[in-house]
Amino acid sequence: MKTILYVGLGGAIGSIFRYLTAVFVNKYYHSLFPLATFITNIIGCFLIGLLVSWLEKNNTINSPLKWLLISGFCGGYTTFSTFAVENFQLMQNQQTLLALMYTIGSIVLGVLSVWLGMVLVK
């Protein structure tokens, strides 16, 4: 039951931060490209890289912090389901090149951000 509470609390906080990221980005950027989701996914990938490495480095990977920060916060913050539907919508609107750029950029920069987060902790 404690684990569920940690995940739920982290997820709620992550979801709030995801919303605030979207509000901030959308305040200054207006385009067909879903920049708020793109930025959220890259930040989320970077954070999960940092957190996993930090927890492993401190031998706390099986602690409640894992559930709070990784499953909860990062799970609530990142938005790959939104990513998928936005790509679908771009393709429906004949924005295939933009959808392709969004997909490749998210995956490549996401994986590189996880790596960078892990390297910075090590």
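How fast does region 54-122 diffuse by Stokes-Einstein, in µm²/s, taking the Kirkwood radius from C-alpha pairs at 10 °C and 1.306 mPa s? Don't skip to the answer; put the middle values down first.
On the way: Rh = 14.1 Å.
For these conditions, the coefficient is 112 µm²/s.
Computed per residue of the chain from DSSP H runs no shorter than four, each worth -39500 (n - 2.57), the mean residue ellipticity at 222 nm is -25500 deg cm²/dmol. Per residue, the accessible area of the chain comes to 62 Å² when a 1.4 Å probe rolls over the protein heavy atoms.
Only Lys, Arg, Asp and Glu carry charge here, each on its Cβ (+1 for the first two, -1 for the last two); on that basis the chain has a dipole of about 280 debye about its Cα centre. Length gained on full extension, Val108 to Asn26, computed as 0.36 nm times the residue gap minus the Cα-Cα distance: 27.2 nm. With a cut-off of 9 Å between beta carbons, the residues surrounding Val121 carry a summed charge of +1, where Lys and Arg count +1 and Asp and Glu -1.
Taking 41 Å as R0, compute the FRET efficiency from the Cβ-Cβ separation of Leu9 and Gln92 and round it to 0.05. Once rounded, the FRET efficiency stands at 0.65. Quick one: Debye curve from the C-alpha atoms of the chain, no solvent, what's log10 I(q)/I(0) at q = 0.17, 0.23 Å⁻¹? The calculated log intensity ratios at q = 0.17, 0.23 Å⁻¹ are -0.88, -1.25.
In region 3-48, the alpha-carbon atoms span a convex hull of 66 Å³ per residue.
In order along region 54-63, phi translates into HN-Hα couplings of 5, 5, 5, 4, 9, 6, 10, 5, 9, 8 Hz, rounded to whole numbers, per the Karplus curve 6.51 cos²θ - 1.76 cosθ + 1.60 with θ = phi - 60° and x for Gly and Pro.
Taken one residue at a time, the phi angles of region 99-112 give Karplus couplings (6.51, -1.76, 1.60, θ = phi - 60°) of 4, 5, 4, 4, 5, 5, x, 5, 5, 5, 5, x, 5, 4 Hz. Gly and Pro are set to x. Here's the picture: charge each Lys and Arg Cβ at +1 and each Asp and Glu Cβ at -1 in the chain, and of Thr79, Ser31, Ile16 the one pushed furthest to the positive end of that dipole is Ile16. Does anyone have the angle between helix 2-28 and the longest principal axis of the chain? Alpha-carbon axes, 0 to 90°, nearest 10? Taking Cα atoms only, the helix is inclined about 30 degrees.
The values are calculated or read from the model by the stated rules, or taken from the named source; none is laboratory data. Remember, predicted model here, so these are calculated numbers, not experimental data. Note that we place each Cβ from the backbone using ideal geometry, even for glycine, and neighbour counts take in every protein chain shown. The area values use the complete protein model at the heavy-atom level, side chains included, leaving out ligands, DNA and RNA. Shrake-Rupley method; radii C 1.70, N 1.55, O 1.52, S 1.80 Å.
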